[in-house]
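Beneath this line is the structure, given in structure tokens, with notes to follow.
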Amino acid sequence: MPDAALLALTWRITRRRLLGSPLAIASALAFPAFVVWIGVTDSYGTAAKFFFFLLPHVFLIAAQDTVRSDIESGALESVLFLGGRFRGFLGRKGFALSAITGVYAAVLFALFAAWGVAAGGFE
């Protein structure tokens, strides 16, 4: 299997695993809701403090057990990973996961910044 095919396979598997994880979906929906709730009940400044404090944890939640889940499920014993190709898959999986989570964080930051500009509290 050429490396381009391995990259496409890695992207597809990683995306499906994130979308199939109840914890990842719940966290992705609860985080912005929590920040908005803090902003509505207290202030935009307090919401900004929580947002910037909790944003790095998005990457931790998304990356939890990424390698162990593949090893324990037996997915790496597939014919696609013969000849040690699973090492390339696991390496590229980290980059795919970073890209997906980075886009999510960038979209959240853009929405949060727009809210700050509209509220007059963005510094």
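For the criterion of being at pLDDT 90 or above, exposed (fewer than 14 other Cβ atoms within 10 Å of the Cβ) and within 26 Å of A114 (Cβ to Cβ), F34 fails. Return the residues of the stretch 1-22 that are touching a residue at least 40 places away in the same chain (Cβ under 8 Å) and assigned to a helix (DSSP H, G or I); say none if nothing qualifies. Once the filter is applied, which keeps residues that are touching a residue at least 40 places away in the same chain (Cβ under 8 Å) and assigned to a helix (DSSP H, G or I), the stretch 1-22 yields D3, L6, L7, L9, T10, W11, I13, T14, R15, R17, L18.
Could we say that A99 is at pLDDT below 75 and either under 25 Å from R15 (Cα atoms) or under 15 Å from the mean Cα position of the chain (by Cα) (or both) here? So A99 fails the test.
The values are calculated or read from the model by the stated rules, or taken from the named source; none is laboratory data. Bear in mind the structure is a predicted one, so any value in this text is a computation, not a measurement. Note that each Cβ is placed from the backbone with ideal geometry, even for glycine, and that neighbours are counted across all protein chains shown.
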